[in-house]
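Read the structure below first, then the notes.
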Amino acid sequence: NAKILAGKRGIVFGVANNKSIAWACAQMCAEQGAELAFNFLGDAQEKRVRELVKDLPNAIVMPCDVTKDEQIEAFYTEIQKQWDMVDFIIHSVAFTEKENLKDKFMVVTRESFASTMDISAYSLLAVTRAALPLMKKGGSVITMSYYGAEKVVPRYNVMGVAKAALESCAKYLAYDLGEIGIRVNAISAGPIRTLSSSAIPGIKEMLENSQKHSPLKRNVTTEDVARSALYLLSDLGSGVTGEVLHVDCGYNTLGMFSSVES
Ligand code: NAD
């Protein structure tokens with residue numbers, strides 16, 4: 001039983017704790033033979049990430065705020081000292097102020113709109129471009145999106161606009177990088193309870209709705225997302241790029257909710 005990612009090296013942006021989507025992806029990649037490098041943001045997160053990765057072989061842990069070009073540069077300079085190649089990137093990062101998720105979309109300020117876009121969409125481009133000198137043999141990049149990119153999800157607001165930009169960034173990057181053998185894809189995950197999603201006042205409703213109405217009649221887990229991530233990151237997804245893969249128990253396929261209860 002050969003491991004799917006044996007001999008591959010990947011970078012994981014966005015492990016906050018053991019509930020993070022990025023952590024489930026990282027664990028699955030490690031089980032499949034990958035060596036991993038992780039970023040953190042601040043002292044508290046550093047402690048949590050170091051504790052989580054302590055049993056992973058040769059894990060690298062380093063600071064990186066994805067809104068700071070000099071930190072991204074320092075991050076990759078350090079990686080380059082230890083690795084001569086990078087095969088894949090998991091981008092699982094987003095942020096907006098809580099106030100933006102409460103009420104109407106239109107109340108978002110210019111500054112807050114710009115910073116949400118910067119952290120949640122532009123950062124995909126920033127961390128991918130900086131990795132290119134190390135992605136010498138092609139590779140695979142994935143990012144995490146949500147259905148609020150495609151349709152209005154009340155109270156998801158500016159985050160939905162940022163996810164629309166993120167999905168578009170993934171497609172444009174896929175076009176730019178296709179000729180050097182780098183694939184870029186997004187996973188549109190159904191709602192999951194994590195540190196970030198607990199800041200969305202509508203999360204309970206989103207979870208209830210998707211459990212009740214999804215074709216699979218349940219919510220997705222971070223493991224569901226990680227399995228699909230493995231497909232996109234490995235050679236199993238070799239012909240797939242610029243794609244938004246819904247890992248949402250089928251929720252996005254519905255045109256309306258059925259009144260027939262099962
Ligand atoms: P999480 O809180 O575990 O992860 C979010 C991560 O973003 C954290 O590690 C945080 O440190 C990082 N981050 C924020 N600002 C940063 C910055 N400036 N620099 C570097 N890192 C920064 O939550 P999660 O739910 O695992 O979210 C991961 C991704 O999945 C996000 O893009 C989120 O929008 C997306 N997503 C989540 C859900 C869900 O329901 N949980 C559904 C679909 C998509």
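Just so it is clear, none of the values below were taken in a lab; they were calculated from the coordinates. What you see is a predicted model, and the numbers here were worked out from it, not measured in a lab. Cβ: placed from backbone, ideal geometry, glycine included. Neighbour counts: every protein chain shown.
Site pair H213 and K98 shows an inter-label distance of 2.8 nm when each label is modelled 7 Å from Cα along Cα→Cβ.
The modelled label-to-label distance for the pair E46/E205, using points 7 Å beyond Cα in the direction of Cβ, is 4.1 nm. Take every Cα pair under 8 Å whose residues are at least 6 apart in sequence, average their separation, divide by the length of segment 27-123, and the relative contact order is 22 percent. Across segment 105-138, the residues whose backbone nitrogen lies under 14 Å from the label position 7 Å along the beta-carbon direction of S168 are 117-118, 121-122. Candidates C249, F88, Y147 compared by Cα position along the dipole of the chain: farthest toward the positive end lies C249, with charges placed on Cβ.
Short-range pairs are left out: with C-alpha atoms under 8 Å and at least six residues apart, the relative contact order of the chain is 19 percent.
With a cut-off of 15 Å on the backbone N, the residues of segment 150-194 near the modelled label site 7 Å out from F113 along Cα-Cβ are 157-165.
If both residues of a DSSP beta bridge must be in the chain, then about 0% of such bridges are antiparallel.
Taking 8 Å as the Cα distance limit and 6 or more residues as the minimum spacing, I'd like the relative contact order of segment 106-241 as a percentage.
Values: 158 pairs, mean separation 34.2, N = 136.
Once normalised by length, the contact order is 25 percent.
Take the alpha carbon gyration tensor of segment 9-246, find the square roots of its eigenvalues, order them as a ≥ b ≥ c, and report rounded if a/c is under 1.5; if not, report prolate when a/b exceeds b/c, else oblate.
Working: a/c = 1.44, a/b = 1.38, b/c = 1.04.
Here segment 9-246 falls in the rounded category.
Relative to the longest principal axis of the Cα atoms of the chain, the long axis of helix 69-82 lies at roughly 50 degrees. Output the pairs from K68/K104; K68/K102; K81/K163; K104/K212; K54/K171; K68/K212 with a Cα-Cα distance over 31 Å in this structure; if there are none, say none. As for pairs spanning more than 31 Å Cα to Cα, those are K81/K163; K54/K171; K68/K212. Using the Cβ-Cβ distance between N58 and T221 with R0 set to 30 Å, the FRET efficiency from 1/(1 + (r/R0)^6) comes to roughly 0.65. Taking the alpha-carbon centroid of each part, what is the distance from segment 53-69 to segment 4-28 in angstrom? For segment 53-69 versus segment 4-28, the Cα centre distance is 11 Å. Reducing segment 207-262 and segment 158-202 to their Cα centroids gives an inter-centroid distance of 14 Å.
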